[in-house]
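The values are calculated or read from the model by the stated rules, or taken from the named source; none is laboratory data. These numbers come from a predicted model, not from an experiment. A quick note on method: Cβ atoms are made from the backbone with ideal geometry, for glycine too, and the neighbour counts reach across all protein chains shown.
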Amino acid sequence: MPELTHEDYKIHYDLHTKPTIYYVKIYMDELNGAQVTAPEKRKPELIEAFLKKKAAWMKETWEKHHAELYHVDRLSMEEGQKINYLGRSYQLILNEGHDYAFSFNKGKFLFTYPEDEKEDQANKKLIALAKEWLREKSEKKFSDLHSRSISPEEDAARLGKKDRDAIVLNWRLIQQPKESIKENIQKLIDEETC
């Protein structure tokens, strides 16, 4: 599957060529990501150049339709925030300390940061550590949800991909309820489009 990179963000896309069309068309499928249809005779480098021009739009459209998966990217150093994990929202507790730490204990997320750290630096570290924690949990939890081999993949503007007997899922799905994750797995197995 081809991919392009926009500001360190990978966008996978499926390319379909047809003899009866005369322009490149992009459709953002809510499950499979970017679906590109192009004329059969169009040179691949021209298709890719066009897609690079549209990369920001594809990323923005994808994130807009899946805003709940990107909540973790908008965390800030404010009290009263929550982080989603397997469909439930858990309170985030911020504590000053000596070093950075991120953990989940007794139904709460705890972020500790150096008391003399600048807020914007602490905020970046909070987001990075929260994403790392969720990514690690996706590796452990996804495989328990189905008899097929399931592994997480980096966020790449799609919810997942079926590859023979294996399935890869966007790690961000770990924020959704198990039932929703299982539904997406089944849609991928059935090769649905949305």
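Check whether at least one residue in region 89-96 is among the polar types (S, T, N, Q), surrounded by 11 or more Cβ atoms within 10 Å (Cβ to Cβ) and assigned to a helix (DSSP H, G or I), and report yes or no. No, because not a single residue in region 89-96 is among the polar types (S, T, N, Q), surrounded by 11 or more Cβ atoms within 10 Å (Cβ to Cβ) and assigned to a helix (DSSP H, G or I). Can you find a residue that is among the polar types (S, T, N, Q), under 21 Å from LEU169 (Cα atoms) and surrounded by 15 or more Cβ atoms within 10 Å (Cβ to Cβ) anywhere in region 36-48? No - not one qualifying residue is present in region 36-48.
Only one entry of ILE167, ILE181, ILE185 meets the criterion of being buried (at least 19 other Cβ atoms within 10 Å of the Cβ) and over 12 Å from LEU31 (Cα atoms), and that entry is ILE167.
Listed here are the residues, each with its yes/no results for (1) surrounded by 14 or more Cβ atoms within 10 Å (Cβ to Cβ); (2) in contact with a helix residue (DSSP H, G or I) (Cβ under 7 Å, 6 or more places away or on another chain); (3) not basic (Lys, Arg).
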{"site": "LEU110", "(1), (2), (3)": "yes, no, yes"}
{"site": "ASP116", "(1), (2), (3)": "no, no, yes"}
{"site": "LYS124", "(1), (2), (3)": "no, no, no"}
{"site": "LEU145", "(1), (2), (3)": "yes, yes, yes"}
{"site": "ARG148", "(1), (2), (3)": "yes, no, no"}
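Checked against the criterion of being among the aromatic types (Phe, Trp, Tyr), closer than 28 Å to LEU4 by Cβ, assigned to a helix (DSSP H, G or I) and touching a helix residue (DSSP H, G or I) at 6+ places or on another chain (Cβ under 7 Å), region 161-174 contains one or more residues that satisfy it. Could you list, in sequence order, the residues of region 110-129 that are touching a residue at least 12 places away in the same chain (Cβ under 8 Å) and over 14 Å from LYS82 (Cα atoms)? Hits for region 110-129 are THR112, TYR113, PRO114, GLU115, GLU119, ALA122, ASN123, LYS125, LEU129. Out of all the residues in region 2-14, is one or more in a strand (DSSP E or B), exposed (fewer than 12 other Cβ atoms within 10 Å of the Cβ) and within 15 Å of the chain's Cα centre (by Cα)? Looking for residues that are in a strand (DSSP E or B), exposed (fewer than 12 other Cβ atoms within 10 Å of the Cβ) and within 15 Å of the chain's Cα centre (by Cα), one finds at least one in region 2-14, hence yes.
Cβ-Cβ contacts under 8 Å between residues 6 or more apart (or on different chains), taken from a first residue in region 139-168 that is over 15 Å from GLN186 (Cα atoms) and assigned by TED's automatic domain parsing to the domain that holds ASP8 to a second residue that is surrounded by 14 or more Cβ atoms within 10 Å (Cβ to Cβ) and among the β-branched types (Val, Ile, Thr), are absent. Listed here are the strands (runs of 3 or more DSSP E) enclosed by region 15-86 that have at least 3 residues being out of contact with any Lys or Arg (no Cβ under 8 Å at 6 or more places or on another chain): 25-29, 82-85. Among the conditions (1) under 27 Å from ASP190 (Cα atoms); (2) modelled with pLDDT of 95 or more, the only one that ASN32 does not satisfy is (2). Taking the numbered list (1) touching a residue at least 40 places away in the same chain (Cβ under 8 Å); (2) assigned by TED's automatic domain parsing to the domain that holds ILE181 in turn, ASP29 passes all entries but (2). State yes or no: is SER147 polar (S, T, N, Q) and in a strand (DSSP E or B)? Against the criterion (polar (S, T, N, Q) and in a strand (DSSP E or B)), SER147 does not qualify.
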